[in-house]
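**Q** The structure follows.
A short reminder: the numbers here are calculations on the coordinates, not readings from a lab. Source: prediction; values computed, not measured. Backbone-built Cβ (ideal geometry, glycine too); neighbour counts: all protein chains shown.
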Amino acid sequence: MLEALTEVGRGLFAALFAVAAGSKMRPRAFADLSASLALYGMTKVLRRLAATTLIAAEATAATVLILGPASAGLGLAALLLTVFAGGVLVSMRRRLNVRCACFGTAGETLSGRHLWRNTTLAALALILALAPAGATPLDLASRILLTAVGVILGIATVLHDSVAAAITTRNP
């Protein structure tokens, strides 16, 4: 049972990170991400470096999740999501009004909803990364099917984030 959940998680997090990285590669989205980092007090050069590093980390996580060992990919996902949650928390505590550039161009101001999403997903990724392997591994067809289910759930998570951002009020 845990093997099946791990495969679903692998697909979910791979989709999340692939969409996040891919969407930030567009020029406007990259500019929005860089601009949002300015509120943390970063210089222009440091913002560009941080934005590029973030995109590379997300793309790496998506790649490791699909091609590497599940525990390594899920552990990397947990680490990145914890870092993101920390950034959201700093933004909220300092009242920086940083715009979310999670899945592309800057949207609503980072809030408790983003903190909750990132910490919950980080906990899920960590639990799955640490889950013991079962006695009988899944066959290839089952792994592919379960990973595909996870990809669908990951895309649904991205869409949920977009819909939630569209219907919630913006912070002043």
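**Q** Loop only per DSSP, at most 15 neighbouring Cβ atoms within 10 Å: give me the trypsin sites (Lys or Arg not before Pro) in the stretch 69-142, ordered by residue number.
**A** Listed in order of number, the matching sites are R94, R95.
**Q** Report the Cα centroid-to-centroid distance between the stretch 62-78 and the stretch 5-54 in angstrom, as an integer.
**A** Result: 17 Å between the Cα centres.
**Q** Rank these for me by crowding, S111, S36, going from fewest to most other beta carbons within 10 Å.
**A** S111, S36
**Q** Put +1 on the Cβ of each Lys and Arg and -1 on the Cβ of each Asp and Glu in the stretch 2-162; which of A131, I55, N97 then has its Cα farthest toward the positive end of the dipole?
**A** Working it through, the farthest residue towards the positive pole turns out to be N97.
**Q** Only Lys, Arg, Asp and Glu count, each charged at its Cβ (+1, +1, -1, -1), so figure out the dipole size of the stretch 2-162 about its Cα centre, rounded to 20 debye.
**A** 820
**Q** So what is the 222 nm mean residue ellipticity for the chain from helices alone, if each DSSP H run of at least 4 adds -39500 (n - 2.57) and you divide by all residues, rounding to the nearest 500 deg cm²/dmol?
**A** For the chain, the value works out to -26500 deg cm²/dmol.
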